[in-house]
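Have a look at the structure below, then the notes.
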Amino acid sequence: MIHLKSVAKRNKQSNHEYPFNLPFIQQFKEMHFRYPVTILVGENGTGKSTFLEALATNIGSILIGGENLENDPSLTPARKLGNELKLTWTIKTKKGFFFRANDFINFTNRLAAIKEESKQKLKEIRERDPNSLEVLPYASTLHDLNHFYGEGLEVRSHGESFLDLFQARFQPNGLYLLDEPEAPLSPLKQLTLMSMINEMVEENGQFIIATHSPILMALPNAEIFVIEDDVLQRKSYGDVEHVKLTRDFLSSPERFLRHLN
Ligand SMILES: Nc1ncnc2c1ncn2[C@@H]1O[C@H](COP(=O)(O)OP(=O)(O)OP(=O)(O)O)[C@@H](O)[C@H]1O
């Protein structure tokens, strides 16, 4: 299912501040989403995260692990760009989220802190008055955390907790913006993530994923856009530089290693 059909940038007088000064953003006119999965590839620093952030602010996505999108000061420049984007929808969905690998550690830390605080409050209230109804909100928070995340994301490894999170928060009919979700995942777990994404695609999910992973780039039902020479270019899997380089490297690492010294 394609929820978000396209994004276009409104014409604007030249602006020399970030993010409008990024060559890719300057050149950007519009982009169409024709597949349930859109993969965004580009060298470091080309502006993939910035672009996803701008999209997320325009959409009003839930930001997993960060501040509220509207309040997060680090997103002020992206919000300005987001305001200049015009989105067209098939059906606008409120389901889904924006996920940046970098926020994730904060997220697990915050969950752990909320859990600890709720336990502490419960204990204090029960010591004061075993029958007090004041316990209810804290008991409910603990119940929800256990329901969603079991033992706790904070006691799992980064990769495991990533997958737990996706498992807990993916739901049908959602629009998911994922920024480098492969970050802590082993190749095997990247395959697990691919399979979760496939399941959600079957359930009318749409994904826009910025990634450097040649594994994730192979997702079926996907269209790959590469930021090259400052513009978006559609590419087939085998023509993506990340894929070619990885393939060449794996077929003969020594050929590359010889040039490292
Ligand atoms: N708040 C900011 N102020 C000024 N420049 C910024 C800001 N955030 C990012 N940049 C710059 O904008 C450029 C694009 O950054 P962005 O993180 O969007 O790139 P990216 O394509 O996602 O890179 P990577 O693949 O390394 O994650 C970079 O040169 C970065 O230094």
Testing the spin-label approximation: label points 7 Å from Cα along Cα→Cβ at N83 and Q233. State their distance in nm. 3.5
What net charge is computed for the residues neighbouring N221, neighbours being all others with C-beta under 14 Å from the C-beta of N221, Lys and Arg scored +1, Asp and Glu -1? -3
Residues whose built amide H sits under 5 Å from the amide H of G96, excluding neighbours closer than 5 in sequence, are L175
Quick one: putting +1 on the C-beta of Lys and Arg, -1 on the C-beta of Asp and Glu, what dipole do you get for the chain around its Cα centre, in Debye to the nearest 20? 600
Compute the length gained on full extension between N44 and E199: take 0.36 nm times their separation in residues and subtract their Cα-Cα distance, giving the result in nm to one decimal. 52.8 nm
Express in whole angstrom the spacing between the alpha-carbon centres of the range 40-59 and the range 121-196. 26
With labels modelled as points extended 7 Å from the Cα through the Cβ direction, what inter-label distance (nm, one decimal) is found for S252 paired with N173? 5.5
On the first, second and third principal axes, largest extent first, how far apart are the outermost C-alpha atoms of the range 184-261 in Å? 49, 32, 19
What span do the alpha-carbon atoms of the range 53-156 cover on each of the three principal axes, reported in whole Å from largest to smallest? 55, 27, 24
Tell me the Kirkwood hydrodynamic radius of the range 104-216 in angstroms, computed as one over the mean inverse distance between distinct C-alpha pairs. 15.9
Fully extended contour minus Cα-Cα distance, from A139 to N221, at 0.36 nm per residue: 25.3 nm
Rounded to whole Hz and in sequence order, give me ³J(HN,Hα) for the range 92-99 from the Karplus expression 6.51 cos²θ - 1.76 cosθ + 1.60, θ = phi - 60°, writing x for Gly and Pro. 6, 10, 9, 7, x, 6, 10, 10
Work out Dmax and Rg for the chain from the C-alpha atoms and quote the Rg first, both in angstrom. 20.9, 72
15 Å Cα-Cα reach of K123 towards aspartates and glutamates, excluding residues that sit fewer than 8 places from it in its own chain: E134
Report the label-to-label distance for E17 and I91 in nanometres (one decimal), using points 7 Å from each Cα along the Cα→Cβ vector. 3.9
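FYI, it's all coordinate maths here, none of it is from the lab. Quick caveat: nothing in here was measured; it's all calculated off a predicted structure. When we count neighbours, we look across all protein chains shown, and the Cβ atoms used for this are built from the backbone with ideal geometry, even at glycine.
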